[in-house]
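Asks: Here you go, one structure.
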Amino acid sequence: HEVIEGEALDGTLAEGRLDGAFEVVFDCAAYRSPFAFRRALRRGGRFVLVGGAMGPLMAAGVLGPVVGLLTGRRFGTFLQTSDAALLTEVLAMVERGQLRASVDRTFPLEALPEALDHVVSRRARGKVVLAIKG
């Protein structure tokens, strides 16, 4: 497996080194347009935007079906609703050690501006946690 992070990904995509490399791409951050990945997807592949900024979410949800018809690739979003039973099962998986979140850094609540800056600057390589004392 190869990890390509941050700005290096933009160059790799633009150079075409990933053309046709993936059947599925999950984007959890939406720092780029969903359509930046269209060549990296195999024909019949699927791009799923799981979270991020409103612009890319709207692009994937509204324009995705049209672009999909034109390119032979599927673009969409993954949305969820609150489900107590599902959240209970996820918590049980965490408690059994079957599911673990990758935590990049923990900030005290008083350092909220620094924590947000860390996330927005794209330096976080996992979840950023705010610690609330008391």
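The values are calculated or read from the model by the stated rules, or taken from the named source; none is laboratory data. Predicted model, so just to flag it, every value in this text is computed and none were measured. Here the Cβ is made from the backbone with ideal geometry for all residues, glycine too, and neighbour counts use every protein chain on show. Keep in mind that these areas ignore ligands, DNA and RNA; they rest on the heavy atoms of the full protein, side chains included. Shrake-Rupley method; radii C 1.70, N 1.55, O 1.52, S 1.80 Å.
Asks: Of everything in region 48-100, what is under 30 Å from R38 (Cβ atoms), open to solvent by 40 Å² or more (accessible area, probe 1.4 Å) and of a type in the set (A, V, I, L, M)? Give them in sequence order.
Replies: Matches in region 48-100: V50, A53, M54, M58, V62, L63, V66, L69, L70, L79.
Asks: Another question about this same structure. Go over the candidates D117, D83 one by one and state the one that is closer than 22 Å to L130 by Cα and of a type in the set (D, E, K, R).
Replies: On inspection, the qualifying residue turns out to be D117.
Asks: Give the residue that is modelled with the highest pLDDT, with candidates limited to residues of region 81-134 that are within 30 Å of I4 (Cβ to Cβ) and of a type in the set (S, T, Y).
Replies: Of everything passing the filter in region 81-134, T106 is modelled with the highest pLDDT.
Residues are listed down the side, and each one gets a yes or a no for (1) free of Cβ contacts under 8 Å to residues at least 24 places away in the same chain; (2) farther than 23 Å from A8 by Cα:
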position: A21; (1), (2): yes, no
position: C28; (1), (2): no, no
position: E89; (1), (2): yes, yes
position: L116; (1), (2): yes, no
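Asks: Tally the residues that are open to solvent by 80 Å² or more (accessible area, probe 1.4 Å), hydrophobic (A, V, I, L, M, F, W, C) and outside any loop (DSSP other than H, G, I, E, B), restricting the search to region 23-39.
Replies: Total satisfying the criteria: 1.
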